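For reference, the structure is listed below as structure tokens.
The values are calculated or read from the model by the stated rules, or taken from the named source; none is laboratory data. Note that the structure is predicted; figures quoted are calculated from it, not measured. Heads up, the Cβs are rebuilt from the backbone with ideal geometry, glycines too, and the neighbour counts pull from every protein chain shown.
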Amino acid sequence: MLELIGQYIIQLIQSTGYAGIFVLMALESALIPIPSEITMPFSGFLASRGELSFVLIVIVGTLANLAGSLVAYAIGYLLEETILLGLIRKYGKFILLSEHDYHRAEKWFRKYGDKIIFVSRLLPAIRTVISLPAGVFRMDIKKFVIYTTIGCLIWSIFLTYVGFALGENWTSIEQYFRKFEFLIVGVLILAVALYIEKHLNLRSKLMKK
């Protein structure tokens, strides 16, 4: 199935260029299971051959992700959570979305707040679903757009660069991608630790005053 989807992605990008990239990346962020791990690296490979512009690929991919994320945000914003969960139970299997996926994203949003929107854009398993609870909890739309754009920009640059650097071997991204996941997890742990330490020190100073 994944191989078939991959072939379709490649054919669409080859025939339509930037328009295909936009459609694919927008659909992915709108909860349609189209892997950006194929779309962007293949586009980066085409950039390495001079067929597409690296900068334009990144810009198009980022804007498309933002557009799709806003669609998912709107769905969460407009529907009551009970109705949303009912739809996920009934139709989620068709887009590979489960209640577990939603509740995990919801838990992260409740625990870490608005900034998890940025962090989640760098995590494959949750990067698209997080837009739903953001809408459900009426996250400030300006913050949502800012965090989503920055996170998606980093994601697009990374994936495009990997395809650009690997060239003909862009399909070997998976082994490199796993290493990147471990790096991201390590950076997140460090960031959380620094954040906690900073706020504990600030609280301690305020209490002394």
Given (1) assigned to a helix (DSSP H, G or I); (2) among the β-branched types (Val, Ile, Thr); (3) touching an Asp or Glu at 6+ places or on another chain (Cβ under 6 Å), number of the condition Ile34 does not satisfy | (1)
Would you check if Tyr102 is part of a helix (DSSP H, G or I), among the hydroxyl-bearing types (Ser, Thr, Tyr) and either without any contact (Cβ under 8 Å) to a residue 24 or more places away in the chain or over 19 Å from Leu27 (Cβ atoms) (or both)?
-> no
For Leu159, the lone unmet condition from (1) aliphatic (A, V, I, L, M); (2) farther than 30 Å from Glu51 by Cβ; (3) touching a Ser or Thr at 6+ places or on another chain (Cβ under 8 Å) is (2)
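So that you can scan it fast, the table gives a plain yes or no per residue for (1) over 17 Å from Leu85 (Cα atoms); (2) in contact with a Gly (Cβ under 9 Å, 6 or more places away or on another chain):
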| residue | (1), (2) |
| --- | --- |
| Glu99 | no, yes |
| Arg104 | no, no |
| Lys107 | no, no |
| Lys111 | yes, no |
| Asp114 | yes, no |
| Phe118 | yes, yes |
| Leu123 | yes, no |
| Thr128 | no, yes |
| Pro133 | no, yes |
In this structure, does Leu24 turn out to be touching a Gly at 6+ places or on another chain (Cβ under 6 Å), free of Cβ contacts under 8 Å to residues at least 60 places away in the same chain and part of a helix (DSSP H, G or I)?
-> no
Of these, Ser43, Ser53, Ser36, which one is buried (at least 22 other Cβ atoms within 10 Å of the Cβ), closer than 15 Å to Ser156 by Cα and more than 16 Å from the chain's Cα centre (by Cα)?
-> Ser43
Residue list for segment 105-134, restricted to those being part of a helix (DSSP H, G or I) and not hydrophobic (A, V, I, L, M, F, W, C) = Glu106, Lys107, Arg110, Lys111, Tyr112, Ser120, Ser131, Pro133
With the condition kept exactly as written, say whether any residue in segment 56-78 is surrounded by fewer than 13 Cβ atoms within 10 Å (Cβ to Cβ) and within 21 Å of the chain's Cα centre (by Cα).
-> no
Can you spot a residue in segment 140-149 that is among the polar types (S, T, N, Q), under 14 Å from Asn65 (Cα atoms) and modelled with pLDDT of 85 or more?
-> yes
Residues of segment 61-99 that turn out to be of a type outside the set (Asp, Glu) and outside any helix (DSSP H, G or I), as a count | 4
Do you know which residues across segment 37-60 are assigned to a helix (DSSP H, G or I) and among the charged types (D, E, K, R)?
-> Glu37
Extreme residue, farthest from Gly151 (Cα to Cα), among residues of segment 86-111 that are buried (at least 16 other Cβ atoms within 10 Å of the Cβ) and modelled with pLDDT under 80 = Gly92
